[in-house]
Amino acid sequence: MSNHNSRRLWKTAAATIAGAVLAMSFSVAPASAAPLVDNTKTGSITVHKFERPATPTGLPNNGTAVDTTGLKPLAGIQFTIQQVNTIDLSTNAGWDKANNLSSSFSASNPTGSITSAGYTLGTAQAKTTDAAGTAAFGTLPLGLYLVTETNYPAGVTPSAPFLVSVPLTDPNNKNNWIYDVNVYPKNSVTGAQKTVSDAPAVKLGDQVNFTITGDIPNEAIIDGYKVTDKLDSKLTYVGATATLVDGTVITNGTDYTVAFDAATNTVSVVFTPAGRLILAAHNATSVQVVVNTTVNAIGEIENVAVVYPNAGSFTGTPGQPGGPIVTPPVVTKWGALTLQKVDQNGAALSGASFSVYANQADAKAGTNPITLDGKTTFTVAADGTLTLTGLRYSDWANGAAVAPGSADYRTYYLVETTAPQGYELLAEPISFLINQASTAVGVDLQVKNIPSNGGFQLPLTGGAGTGVLYAAGALLVTGAGLLLVRSRRSTTNS
């Protein structure tokens, strides 16, 4: 190769290298734009609180803001954040510490698991979600934070405590950091209702059933579930069973236990670990507990139940934040009626007896008389009064008012079985009602008797009435004889 050609090749190579170096110099970003944590910045954590939907949303949970259209926000939920001290996330060593802590952190014992790892927690800051379900913590130093749901309504299963770092790598732009972090913890909200079934019952001692229905938390793990019912002293406990509304079979003694505390008249249904696994697998349905009782005294008997949807609620106050949910009350109503037996002038009559029936057909046929206090026949007192105690209200059934004509409206009937001396029995049943106005004190109903034969006297054998008829007959016969003698004399004289 000639010297001329060698010089030409060297110049070409030099130009190529120079061009490459120049291109590299333009492709390198300036130092200020390097994707490193800026420790001069502050950040924020915005908590967005929603009710857990029936099906997963599929939305990302990576610190970015997401579309929450269709989700139900939860207001009034308090969150508390605390910085984990001495973890500097502007260094690689700090991120190593955060990663190591994540392996020992326990949501069931958040503070303990952090302190046992050698860290302390900073001053707590608390915020309550607004109407949009949002609680924002701003101007935060960079670092790792413990987020805890510290106040929530009764019947709510709170989100588990969690750790979140400020900042986070932007998942949509991997050479960038997110300093304003969004988190979306969700709550399972448990509802509960109670109903009473007493329409078939008419007298004290008849069975009245209370049904408690409680939602199952929409959680993969259910750490506790319990239903309690403190019965009124006018109710006598008979038994209790639990089922799932969707028909899933659960077994007493295996999946749940039933206990009754006679001292407090309280029945408790507690789900076992095996039963809670079934609940978690069927959290789209509800638990139904039926408590069987009998009524032992009259009155307007109000009753509520308490549903504990998670272990944390076991130690809470019913109806208060963090505690179990209390069902709306249901009422079964039982009363009395006082009648008085009187004559046509309103004077009291003694000696009458009655039976009571739950419907007109039985009253007319004399079948199925109601038993009260072990008796089916009741005798009025000397003052003509009789109090019938222990009948269900006529206008109240299954926990609600009922109107005449309703199948559950109850009209009762009196049939007189023994009349007072000298008076007629009642010819047909007398209807009456039990309600708030009827009482065991004072007369609610007067039952009038009519004297025998409607007040007309019948002639009695050997009595004065018959003698008068005989005497009148004798006088007629004597008079006829005298007329005959006189007639004969008149004929002879002629």
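The values are calculated or read from the model by the stated rules, or taken from the named source; none is laboratory data. Source: prediction; values computed, not measured. Note that each Cβ is placed from the backbone with ideal geometry, even for glycine, and that neighbours are counted across all protein chains shown.
What the table shows:
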{"quantity": "Lone unmet requirement of (1) surrounded by fewer than 19 Cβ atoms within 10 Å (Cβ to Cβ); (2) touching a residue at least 12 places away in the same chain (Cβ under 8 Å); (3) assigned by TED's automatic domain parsing to the domain that holds TYR256 for PRO200", "calculated": "(2)"}
{"quantity": "Residue in the stretch 137-151 that is among the small types (Gly, Ala, Ser) and either more than 32 Å from the chain's Cα centre (by Cα) or surrounded by fewer than 18 Cβ atoms within 10 Å (Cβ to Cβ) (or both) present", "calculated": "yes"}
{"quantity": "Sole residue being touching a strand residue (DSSP E or B) at 6+ places or on another chain (Cβ under 7 Å), of a type in the set (A, V, I, L, M, F, W, C) and at pLDDT below 95, chosen from ALA154, ALA199", "calculated": "ALA154"}
{"quantity": "THR332, sole failed condition from (1) assigned to a loop (DSSP other than H, G, I, E, B); (2) within 17 Å of the chain's Cα centre (by Cα); (3) in contact (Cβ under 8 Å) with a residue 40 or more places away in the chain", "calculated": "(1)"}
{"quantity": "Residues of the stretch 258-284 classified as surrounded by 15 or more Cβ atoms within 10 Å (Cβ to Cβ) and out of contact with any helix residue (DSSP H, G or I) (no Cβ under 9 Å at 6 or more places or on another chain), total", "calculated": "16"}
{"quantity": "Residue match in the stretch 40-50 (condition: modelled with pLDDT of 95 or more and of a type in the set (Gly, Ala, Ser))", "calculated": "yes"}
{"quantity": "Single residue of the stretch 117-132 satisfying the filter (in a loop (DSSP other than H, G, I, E, B) and aliphatic (A, V, I, L, M)) that is farthest from ALA98 (Cα to Cα)", "calculated": "ALA131"}
{"quantity": "Test: SER103 is more than 16 Å from PRO167 (Cβ to Cβ), part of a helix (DSSP H, G or I) and in the same structural domain as THR169 (by TED's automatic domain parsing)", "calculated": "yes"}
{"quantity": "Positions within the stretch 313-327 being surrounded by fewer than 21 Cβ atoms within 10 Å (Cβ to Cβ) and among the aliphatic types (A, V, I, L, M), in sequence order", "calculated": "VAL326"}
{"quantity": "Conditions (1) under 30 Å from VAL196 (Cα atoms); (2) among the basic types (Lys, Arg); (3) touching a residue at least 60 places away in the same chain (Cβ under 8 Å); (4) out of contact with any strand residue (DSSP E or B) (no Cβ under 7 Å at 6 or more places or on another chain): number failed by ARG392", "calculated": "(4)"}
{"quantity": "Within the stretch 165-183, considering residues that are of a type in the set (A, V, I, L, M, F, W, C) and touching a Gly at 6+ places or on another chain (Cβ under 8 Å), the one surrounded by the most Cβ atoms within 10 Å (Cβ to Cβ)", "calculated": "VAL166"}
{"quantity": "Options THR272, THR293, THR243; residue that is assigned by TED's automatic domain parsing to the domain that holds VAL196 and in contact with a Leu (Cβ under 7 Å, 6 or more places away or on another chain)", "calculated": "THR293"}
{"quantity": "Strands (runs of 3 or more DSSP E) wholly inside the stretch 234-301 that include at least 1 residues being in contact (Cβ under 8 Å) with a residue 60 or more places away in the chain and out of contact with any Lys or Arg (no Cβ under 9 Å at 6 or more places or on another chain)", "calculated": "235-244, 286-295"}
{"quantity": "Matching residues in the stretch 54-66 - criterion: being without any contact (Cβ under 8 Å) to a residue 60 or more places away in the chain and of a type outside the set (S, T, N, Q)", "calculated": "PRO56, GLY58"}
{"quantity": "Single condition SER233 does not satisfy, out of (1) loosely packed, with under 14 Cβ neighbours inside 10 Å; (2) modelled with pLDDT under 95", "calculated": "(2)"}
{"quantity": "Candidate set from the stretch 412-435 (those that are in a loop (DSSP other than H, G, I, E, B) and in contact with a Pro (Cβ under 8 Å, 6 or more places away or on another chain)); member that is farthest from GLN360 (Cα to Cα)", "calculated": "GLY422"}
{"quantity": "Criterion: farther than 30 Å from GLN320 by Cβ, outside the structural domain of ALA280 (by TED's automatic domain parsing), at pLDDT 90 or above and surrounded by fewer than 15 Cβ atoms within 10 Å (Cβ to Cβ) - qualifying residue of LEU36, LEU89", "calculated": "LEU36"}
{"quantity": "Residue pairs meeting the criteria (Cβ under 6 Å; at least 6 apart or on separate chains; first over 19 Å from PHE137 (Cα atoms), in the stretch 157-186; second surrounded by fewer than 16 Cβ atoms within 10 Å (Cβ to Cβ))", "calculated": "ASP170/ASN176; PRO171/ASN62; ASN175/PRO35"}
